[in-house]
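Asks: If you scroll down you'll find the structure; I have some questions about it.
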Amino acid sequence: MSSNKHPVLDTASVATSYTHVSDVPNPVVNPIPSGGEGESAIPEDKVEEKVENKEEDWEHDPINPRNWSSGKKWTATAIVSFYTFVTPLASSMMAPGLPDLAIKYDITNPTIIALTLSIFLLSFAIGPLFLAPLSEMYGRVWVLHIGNIVFLAFNLGCALSPTSGAFIAFRFLSGFAGSAPIACGGGCIGDLFSERDRASAMALYSLGPLIGPAVGPIAGGFIAQYIGIQYVFYIIVGLCGVASAVAIPFLKETYAPVIRLRRMNNDPEKLAQAPAVVLQHGGKWKYMWINLSRPAILLTRSFICFILSLYMALMYGIYYLMFATFPTLFSGVYGFSVGISGLAYIGLGLGFVLATAFGAKISDQVYLHLADKNGGKGKPEMRIPSLIFGSFFVPIGLFWYGWSAQARIHWIMPIIGTGFFGFGLMTTFLPIQLYLVDTFTYAASALAAASVFRSMLGFAFPLFGTQMYDALGNGGGNSLLAGLAIVIGIPFPVWIYYAGERIRSNSSLARS
């Protein structure tokens, strides 16, 4: 997987997600001598000066999302984070009620039972391939709004499904619609905050995809036990309605090229002064294809994007494997009821909260410390020490969880192990996402590439989890997963820390 320049991406590299200035083709004219200092009298230089002045004006323009007030930025961050919380919540909220769902639809095959949960993640993986480029063509906001409304409709379909086939189909469709916040939410954070200020906002945004699936089963278990599994989906429908009621009036567009293009309102004179914006949004179908292919190109042409995405995917797969196997472990081995078994997810949730509270602060401090040592200039590789730190907690948590469950000691012990795993998961997710946003020109597409990879493993792992634990036991199965986490999660981040800058400098995919 070479990081060399790629011709397809070169055709699209006319603008970054923020304020990139592209070269302007010079008209063929004869130079006019200048009699003194001041503004250039050469026409082609005057054109370039106009463009440069426009870009400089944009840097200080109050409509630029980077220049919004702190309150407006954090309002937008909170709304995007809430969107990003609701859809992952729906992915797992039904997990404790899987036995009830099997009875309702007369499902006896354990793989099909797991499929009703994980099919959501298959389309959740596919969605960002389409929705991330759409957000870079038409703006982030309406992709988020429309995705949420469609997500609401498909969850209503899940609640009212008459057969298991219809239920699985609606779960698949709801996963596609629900991927919108994952596809472009990280891009929104990058639009709003500079590299130095981004960690806390990204921590809040990253909390949704992780704590949502952990909190969901806690409520879902009691809902399924006392009022019925279908009411899990009615609750999700209600949350989607609340999200739309708040977001549609208050969330404003954050993607700079779209804001600028809308303000120009097709004024030819203004458009001529901002060719980067026009080129980015001209030739819609060609641009759509380039954007659709970009996440795949990022995964296959950038080894850094691939290995970091692979590590995220491994941890996400293990995370959803826990969702599929917790009901069997805590109900079958420890005798928990359906409602109480949902409380087993508290360990993961506490790990995420602690990682968000301390991990984001540590990540910011490490980054600023290293930037200050580098003369105040930050680099993406300065995110990596936090990643290495978090990577040690992942195998510790897996060993603890697996062998305490294997020994069938007190139920609190495996839950503590999942807390360590949750802390490590969140502490590694945050710097990986920050690194991808800081490194790659098209932030939303880079995050979409990682999201596709992790959701694919999140879909696949629960399908073989029962068979793996039957063959290896809880201790052996989790030790295997911990070994993979050690092999991928420790040596490669160390290598990226030392070699990442050199690799980025030779890639057309990275920011200059």
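Asks: Can you tell me how many residues in the stretch 210-231 are closer than 15 Å to ALA360 by Cβ and not β-branched (Val, Ile, Thr)? Write out each step before concluding.
Replies: Just the residues of the stretch 210-231 that are closer than 15 Å to ALA360 by Cβ, to begin with: 210-211.
Adding the requirement that they be not β-branched (Val, Ile, Thr) leaves 210.
Going through the stretch 210-231 one residue at a time, the tally reaches 1.
Asks: What are the residue pairs meeting all of these: first residue in the stretch 416-433, first residue touching a residue at least 60 places away in the same chain (Cβ under 8 Å), second residue surrounded by fewer than 24 Cβ atoms within 10 Å (Cβ to Cβ) and not in a helix (DSSP H, G or I), Cβ atoms under 9 Å, and 6 or more apart or on different chains?
Replies: Correct list of pairs: GLY424/PHE392.
Asks: Can you find a residue that is closer than 19 Å to ARG454 by Cα and either touching a residue at least 12 places away in the same chain (Cβ under 8 Å) or aliphatic (A, V, I, L, M) (or both) anywhere in the stretch 329-342? Before you say what the answer is, go through the steps one by one.
Replies: Step one: filter the stretch 329-342 for residues closer than 19 Å to ARG454 by Cα, giving none.
No - not one qualifying residue is present in the stretch 329-342.
Asks: Suppose we filter ALA405, ALA450, ALA446 for residues that are in a helix (DSSP H, G or I) and touching a strand residue (DSSP E or B) at 6+ places or on another chain (Cβ under 8 Å); which single one remains?
Replies: On the way: ALA405 fails: touching a strand residue (DSSP E or B) at 6+ places or on another chain (Cβ under 8 Å); ALA450 fails: touching a strand residue (DSSP E or B) at 6+ places or on another chain (Cβ under 8 Å).
Every option except ALA446 fails the conditions.
Asks: Let me ask another. Scan the stretch 60-72 and report the pairs whose first residue is part of a helix (DSSP H, G or I) and whose second residue is surrounded by 10 or more Cβ atoms within 10 Å (Cβ to Cβ) and acidic (Asp, Glu), with Cβ atoms within less than 7 Å and a gap of 6+ or a chain change.
Replies: PRO65/ASP191; ASN67/ASP61
Asks: Follow-up question, since we're still on this one. What are the residues in the stretch 178-233 that are within 28 Å of THR441 (Cα to Cα) and aromatic (Phe, Trp, Tyr), if any?
Replies: Residues of the stretch 178-233 that are within 28 Å of THR441 (Cα to Cα), as a first pass: 178-210.
Those that are within 28 Å of THR441 (Cα to Cα) and aromatic (Phe, Trp, Tyr): PHE193, TYR205.
Asks: Ok, one more. State whether the residues of the stretch 336-346 include one that is more than 30 Å from GLY475 (Cβ to Cβ) and not aromatic (Phe, Trp, Tyr).
Replies: Pass one, the stretch 336-346, residues more than 30 Å from GLY475 (Cβ to Cβ): none.
No - not one qualifying residue is present in the stretch 336-346.
Asks: Additional query: In this structure, does VAL242 turn out to be at pLDDT 85 or above, of a type in the set (Val, Ile, Thr), surrounded by fewer than 19 Cβ atoms within 10 Å (Cβ to Cβ) and within 25 Å of GLY349 (Cα to Cα)?
Replies: Numbers: at pLDDT 85 or above: yes; of a type in the set (Val, Ile, Thr): yes; surrounded by fewer than 19 Cβ atoms within 10 Å (Cβ to Cβ): yes; within 25 Å of GLY349 (Cα to Cα): yes.
Yes, satisfied.
Asks: Against the condition surrounded by fewer than 23 Cβ atoms within 10 Å (Cβ to Cβ) and either touching a residue at least 60 places away in the same chain (Cβ under 8 Å) or within 19 Å of the chain's Cα centre (by Cα) (or both), how does TRP411 come out, does it pass? Working first, answer last.
Replies: Values: surrounded by fewer than 23 Cβ atoms within 10 Å (Cβ to Cβ): yes; either touching a residue at least 60 places away in the same chain (Cβ under 8 Å) or within 19 Å of the chain's Cα centre (by Cα) (or both): yes.
The answer is yes for TRP411.
Asks: Check SER161, SER91 and return the single one that is hydroxyl-bearing (Ser, Thr, Tyr) and free of Cβ contacts under 8 Å to residues at least 24 places away in the same chain.
Replies: SER161
Asks: Restricting to the stretch 224-236, give me the number of residues that are surrounded by 24 or more Cβ atoms within 10 Å (Cβ to Cβ) and either of a type in the set (D, E, K, R) or more than 15 Å from PRO162 (Cα to Cα) (or both).
Replies: 3
Asks: Against the conditions (1) of a type outside the set (Asp, Glu); (2) surrounded by fewer than 18 Cβ atoms within 10 Å (Cβ to Cβ); (3) farther than 17 Å from ALA76 by Cα, where does ILE248 fall short? Just the number, please.
Replies: So the condition that ILE248 fails would be (3).
Asks: Could you check, for the stretch 187-200, whether at least one of its residues is basic (Lys, Arg), more than 30 Å from ALA360 (Cβ to Cβ) and either surrounded by 19 or more Cβ atoms within 10 Å (Cβ to Cβ) or modelled with pLDDT of 90 or more (or both)? Reasoning before the result, please.
Replies: Residues of the stretch 187-200 that are basic (Lys, Arg), as a first pass: 196, 198.
Next, only the ones that are more than 30 Å from ALA360 (Cβ to Cβ) stay: none.
Looking for residues that are basic (Lys, Arg), more than 30 Å from ALA360 (Cβ to Cβ) and either surrounded by 19 or more Cβ atoms within 10 Å (Cβ to Cβ) or modelled with pLDDT of 90 or more (or both), one finds none in the stretch 187-200, hence no.
Asks: Need at least 1 residues that are at pLDDT below 80 and buried (at least 17 other Cβ atoms within 10 Å of the Cβ) per element, so show me which helices (runs of 4 or more DSSP H) inside the stretch 305-382 make the cut, counting only ones lying wholly within it. Show your work before the answer.
Replies: Values: elements: 338-341, 346-354, 360-373.
In the stretch 305-382, the matching helices (runs of 4 or more DSSP H) lie at 338-341, 360-373.
Asks: Filter the stretch 71-103 down to the residues that are among the charged types (D, E, K, R) and modelled with pLDDT of 90 or more and list them by number.
Replies: First, the residues of the stretch 71-103 that are among the charged types (D, E, K, R): 72-73, 100.
Scanning the stretch 71-103 gives LYS72, LYS73.
Asks: Among the listed residues ALA102, ALA132, which satisfies the condition of being surrounded by fewer than 21 Cβ atoms within 10 Å (Cβ to Cβ), touching a helix residue (DSSP H, G or I) at 6+ places or on another chain (Cβ under 6 Å) and either in a helix (DSSP H, G or I) or without any contact (Cβ under 8 Å) to a residue 12 or more places away in the chain (or both)? Before you say what the answer is, go through the steps one by one.
Replies: Details: ALA132 fails: surrounded by fewer than 21 Cβ atoms within 10 Å (Cβ to Cβ).
Every option except ALA102 fails the conditions.
Asks: Okay, moving on. State yes or no: is ARG171 within 19 Å of the chain's Cα centre (by Cα), surrounded by 24 or more Cβ atoms within 10 Å (Cβ to Cβ), closer than 30 Å to TRP289 by Cβ and charged (D, E, K, R)? Step through it out loud before you land on a result.
Replies: Details: within 19 Å of the chain's Cα centre (by Cα): no; surrounded by 24 or more Cβ atoms within 10 Å (Cβ to Cβ): yes; closer than 30 Å to TRP289 by Cβ: yes; charged (D, E, K, R): yes.
No.
Asks: Select, from PRO213, PRO217, the only residue that is under 18 Å from the mean Cα position of the chain (by Cα) and closer than 26 Å to MET312 by Cβ.
Replies: Answer to the check: PRO213.
The values are calculated or read from the model by the stated rules, or taken from the named source; none is laboratory data. This structure is a prediction, so every number in the text was calculated from the model and none was measured. Neighbour counts are summed over all protein chains in view; Cβ atoms, including those assigned to glycine, are modelled from backbone coordinates with ideal geometry.
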